[in-house]
Amino acid sequence: MTRTLLIDNIAELTTNDDEHGGRLHDAAVVIEGDEIVWVGVASAAPAADERFDAAGRAVLPGWVDSHTHMVFAGDRTAEFEARMAGESYAAGGINVTVEATRAASDAQLEANLARLVSEARRGGTTTLETKTGYGLTVEDELRAAKLAGRHVDAVTFLGAHVVPAGQDPESYLDLVIGPMLAAVAPHVSAADVFCETGAFDEVASRRVLDAAARHGLATRVHGNQLGHGPGVRLAVSHGSLSVDHLGFLDDADVEALASSWGDGSGGSRGTVATVLPACDLSTRMPLAPARRLLDAGAVLAIASNCNPGTSYTSAMGFCVATAVLQMGLTIQEAVRAATLGGATALGMDAAGWRDPRGGAQREVGVIRLGARADLQLLEAPSVTHLAYRPGMPLTAAVWSAGERVV
Ligand code: NIG
């Protein structure tokens, strides 16, 4: 029989469960196997086989990081230094990583991915998405997708990241939506496109999303990162799970994202607005208008965008602190966006789409009955300390699918 674990003496439990206002005080949780089987006030907790004393600290769902690019080799320190000396970011830098990734052995790529996943976990992340997109040949994209599938929860195909150096854009697009997608589709749950000047325009991006949908894949879009453009409009009209970056939004974009969720009653599923605070800082681009998006009624996610070019960090606590200190969110809004928001962006929330190849999944990003037992304990009495003590190593323990991993 599966053993049960009681975590009690929790000063503040962030559940994201609207039933009790999203959080409980003096709380306890019981885990059985990979599942949460009891949540409530500590005085009413049932007995369990084992007990963990949270000692008056805060517990919350593990971070759900819904946007990363972790399958890569090489380093872009020089590009970062140039940027800090005043140069601006351009999509072309991606090709530097493509070259290094193609040249790396399977073992090198996998070791780097495992290192990054383990760093993320130590920071409290329990659900990770990662993208292909640094291979850009059928063989290299397939290799990235298979490798990622062994280490993360959700893999996204990003053959449409940039046109590889020296290739004709039209014939590369045909390759992406033809043989490349056909080879990679069985190993991923979604496809993405970098819809931006210097990468793929609106027409090309739509062809990528249409082809992905024909393969039964969910879609996401990198949009409005480097300037105003069609990314948001495209993602919403296509019913994409999320559109990510969002540094340059006009009123119509904000309105489209908000109204994609209907009247907010949960009846219609819209497109999540994913902001990437560490990327905005690391590229010295405007911070995405997270406050404006929330006020308009959009569903918000915060992700790290860990990649070697624009955001070489998986520190979700840092992203949450930045969203609070610089983007104007309350701590509870930021924590929700980095947990339940990420789950919604991945379709791994309760109402979400299920990966037909992923088998039975439990919802993530919440602490309630039947959810996956993904929790983090902070070395602090409340989540407020994530922004009140920015940059401090506050992750004291992490359980992933019921297993203590940190
Ligand atoms: O999300 N914007 C496109 N892709 C990545 C950057 C990748 C790179 O520069 O290597 C991003 O920021």
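The values are calculated or read from the model by the stated rules, or taken from the named source; none is laboratory data. Because the structure is a prediction, the values reported are computed rather than measured. A quick note on method: Cβ atoms are made from the backbone with ideal geometry, for glycine too, and the neighbour counts reach across all protein chains shown. These accessible areas exclude ligands, DNA and RNA; they are computed on the full protein's heavy atoms, side chains included. Shrake-Rupley method; radii C 1.70, N 1.55, O 1.52, S 1.80 Å.
Worth a mention:
- Tail beyond 26 Å, pair distance distribution of region 121-256 (Cα, percent): 21 percent
- Here the simple spin-label model places points 7 Å from the Cα toward Cβ, and for A351 and W38 these points are separated by 3.1 nm.
- Amide H within-cut-off set for W38, under 5 Å, with H built and near neighbours excluded: V30
- FRET efficiency for S265 and V203, using Cβ-Cβ distance with R0 set to 35 Å, rounded to 0.05: 0.50
- Ratio Rg/Rh, restricted to region 187-279 and using Cα atoms, in which Rh is the Kirkwood radius: 0.96
- The calculated pair-distance distribution of the chain uses every alpha carbon pair, bins of 20 angstrom beginning at 0, and gives 29, 58, 12, 0 percent.
- Accessible surface, 1.4 Å probe, highest first, among residues M392, M84, M327: M392, M84, M327
- When peptides 48-54, 193-199, 398-404 are ranked by their average number of other Cβ atoms within 10 Å per residue, the highest-first order is 193-199, 398-404, 48-54.
- With a Förster radius of 35 Å applied to the beta-carbon distance between D174 and D75, the computed FRET efficiency rounds to 0.60.
- Cα lying deepest toward the dipole's positive end in the chain, options A290, L5, P186, charges on Cβ: L5
- Spin-label pair Q167/E19, simplified geometry with 7 Å Cα→Cβ offset, distance in nm: 4.9 nm
- The chain: relative contact order in percent, alpha carbon pairs under 8 Å with at least 6 residues between: 19 percent
- Note on the chain: dipole from Cβ charges, positive end direction compared against V398, T15, L60; the farthest Cα belongs to V398.
- Heavy-atom accessible area per residue - region 63-355, 1.4 Å, Å²: 34 Å²
- Cα-centred dipole magnitude for region 63-355, charges only on beta-carbon of K, R (+1) and D, E (-1), debye, nearest 20: 640 debye
- Alpha-carbon Rg/Rh ratio, for region 290-401, with Rh computed the Kirkwood way: 0.97
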